[in-house]
Amino acid sequence: MRRCWKAWLLCAATLLGSVAAEAGPQAADLKFREFFQLPVGPRGLVPSARLLSLDGQPVRITGYLAHQEASSAAPGIALLTPLPVSLGDEDESFADDLPASTLYLHLAGPLAARTISYRPGLVSLTGTLQVGAQREADGRSSFVRLVLDPESASVLLESPK
């Protein structure tokens, strides 16, 4: 009887392992405080080893969508921040209150032409992390981006409740 039980457990573990392998790699949890080395040194912000190690990997992060005027929102992108932020009017231009650890969210494929509407409160999103300087469609430069997976993209594109 014991042998059958052990054999069944071994079989179940093998099957579960193969299902997990087929599902792809699990998303690593990333926090905004892990973006840069602390304290900030004399040469400014330096990306953390953790952030650099997750470049190109699936990650999960929780934050707030930055509130911005619908007319100034670029299609296919949004900003995720560690705290609620409201971007100023046109007179402030790029002199806004975005924290250094702002994460650019990107919609991929055919969804890239859609505009992400603001929603209040925390959102938890998953996607592929990209690290490195890049010019964005809204005229800003980003250093950290998240290309959203289809499930997170569909959550953001739903009408806010």
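Note down all Cβ pairs under 8 Å where the first residue falls in the stretch 102-126 and is under 17 Å from residue 29 (Cβ atoms), the second is of a type in the set (S, T, N, Q) and open to solvent by 60 Å² or more (accessible area, probe 1.4 Å), and they're at least six residues apart or on different chains.
122/62; 123/62; 124/62; 125/62
Inside the stretch 136-149, can you point out the residues that are open to solvent by 20 Å² or more (accessible area, probe 1.4 Å) and within 20 Å of residue 51 (Cβ to Cβ)?
If the condition is that a residue be open to solvent by 20 Å² or more (accessible area, probe 1.4 Å) and within 20 Å of residue 51 (Cβ to Cβ), then 140, 141, 143, 147, 149 are the ones that fit.
For the condition under 16 Å from the mean Cα position of the chain (by Cα), open to solvent by less than 20 Å² (accessible area, probe 1.4 Å), more than 23 Å from residue 44 (Cβ to Cβ) and modelled with pLDDT of 90 or more, what is the one hit in 103, 107?
107
Only one of (1) within 13 Å of residue 78 (Cα to Cα); (2) hydroxyl-bearing (Ser, Thr, Tyr); (3) over 13 Å from the mean Cα position of the chain (by Cα) is not met by residue 154, so which one is it?
Against the list (1) within 13 Å of residue 78 (Cα to Cα); (2) hydroxyl-bearing (Ser, Thr, Tyr); (3) over 13 Å from the mean Cα position of the chain (by Cα), residue 154 comes up short only on (1).
Taking the condition among the polar types (S, T, N, Q), surrounded by 14 or more Cβ atoms within 10 Å (Cβ to Cβ) and modelled with pLDDT of 85 or more, does residue 86 pass?
It is false that residue 86 is among the polar types (S, T, N, Q), surrounded by 14 or more Cβ atoms within 10 Å (Cβ to Cβ) and modelled with pLDDT of 85 or more.
Which one of these is at pLDDT 95 or above, open to solvent by 30 Å² or more (accessible area, probe 1.4 Å) and hydrophobic (A, V, I, L, M, F, W, C): 21, 7, 49?
Of the residues listed, the single one that is at pLDDT 95 or above, open to solvent by 30 Å² or more (accessible area, probe 1.4 Å) and hydrophobic (A, V, I, L, M, F, W, C) is 49.
Yes or no: the stretch 90-98 includes at least one residue that is among the hydrophobic types (A, V, I, L, M, F, W, C), open to solvent by less than 60 Å² (accessible area, probe 1.4 Å) and either within 15 Å of residue 31 (Cα to Cα) or at pLDDT below 90 (or both).
Yes, the stretch 90-98 has at least one match.
Quick one: what pairs do we get from the stretch 33-52, first residue under 14 Å from residue 99 (Cα atoms), second open to solvent by 30 Å² or more (accessible area, probe 1.4 Å) and among the charged types (D, E, K, R), C-beta under 8 Å, 6+ apart or different chains?
34/50
The values are calculated or read from the model by the stated rules, or taken from the named source; none is laboratory data. Since this is a predicted model, take the numbers as computed values, not measurements. Cβ atoms come from the backbone with ideal geometry, glycine included; neighbour counts cover every protein chain shown. Keep in mind that these areas ignore ligands, DNA and RNA; they rest on the heavy atoms of the full protein, side chains included. Shrake-Rupley method; radii C 1.70, N 1.55, O 1.52, S 1.80 Å.
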